[in-house]
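> Dropping the structure in here first, questions after.
Quick note: the coordinates plus some simple rules give every number you see, no bench work behind them. Here the structure is a predicted model, which means the values were calculated and not measured. Cβ: placed from backbone, ideal geometry, glycine included. Neighbour counts: every protein chain shown.
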Amino acid sequence: MNRARLTHARRLTIVNAMLLFVILIVMLQLWLLTASVNAYLGGDTSVTLPAALVSLICLAFNLGLLRYLYRFE
């Protein structure tokens, strides 16, 4: 995609969509944290490792969006 062809309105729309994805992923991570802490305090330790791995995947996705944003400008 040619950067000169993108208007300010289109760039703003893309950035807003990226912000929406970031907010959703952070909300997912917060829910995952509360669910895994609740399970751990309840005695179920088998949930902690998968929850940590999914949280790392969410972090990687957010970092990828941030990298794309820096390249986008």
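> Tally up the residues in the stretch 46-63 that are more than 24 Å from L20 (Cα to Cα) and exposed (fewer than 13 other Cβ atoms within 10 Å of the Cβ), please. Give the derivation first.
Taking the stretch 46-63 first, the residues more than 24 Å from L20 (Cα to Cα) are 46-50.
Applying the additional criterion that residues be exposed (fewer than 13 other Cβ atoms within 10 Å of the Cβ) yields 46, 49-50.
Selection size over the stretch 46-63: 3.
> Specify the residue that is farthest from Y70 (Cα to Cα); the eligible residues are those in the stretch 1-58 that are of a type in the set (K, R) and free of Cβ contacts under 8 Å to residues at least 40 places away in the same chain. Walk me through it before giving the result.
Initially, the stretch 1-58 is screened for residues of a type in the set (K, R), giving 3, 5, 10-11.
Those left that are additionally free of Cβ contacts under 8 Å to residues at least 40 places away in the same chain: 3, 5, 10.
Numbers: R3: 13, R5: 18, R10: 16 Å.
That would be R5.
> Could you tell me how many of the residues in the stretch 5-32 are under 22 Å from the mean Cα position of the chain (by Cα) and assigned to a loop (DSSP other than H, G, I, E, B)?
Within the stretch 5-32, residues that are under 22 Å from the mean Cα position of the chain (by Cα) and assigned to a loop (DSSP other than H, G, I, E, B) number 0.
> While we're on this one: Do we find a residue being of a type outside the set (K, R), under 12 Å from the mean Cα position of the chain (by Cα) and surrounded by 11 or more Cβ atoms within 10 Å (Cβ to Cβ) anywhere in the stretch 33-45?
Our first condition is that a residue be of a type outside the set (K, R); within the stretch 33-45, this holds for 33-45.
Still in the running and under 12 Å from the mean Cα position of the chain (by Cα): none.
Among the residues of the stretch 33-45, not one is of a type outside the set (K, R), under 12 Å from the mean Cα position of the chain (by Cα) and surrounded by 11 or more Cβ atoms within 10 Å (Cβ to Cβ), which makes the answer no.
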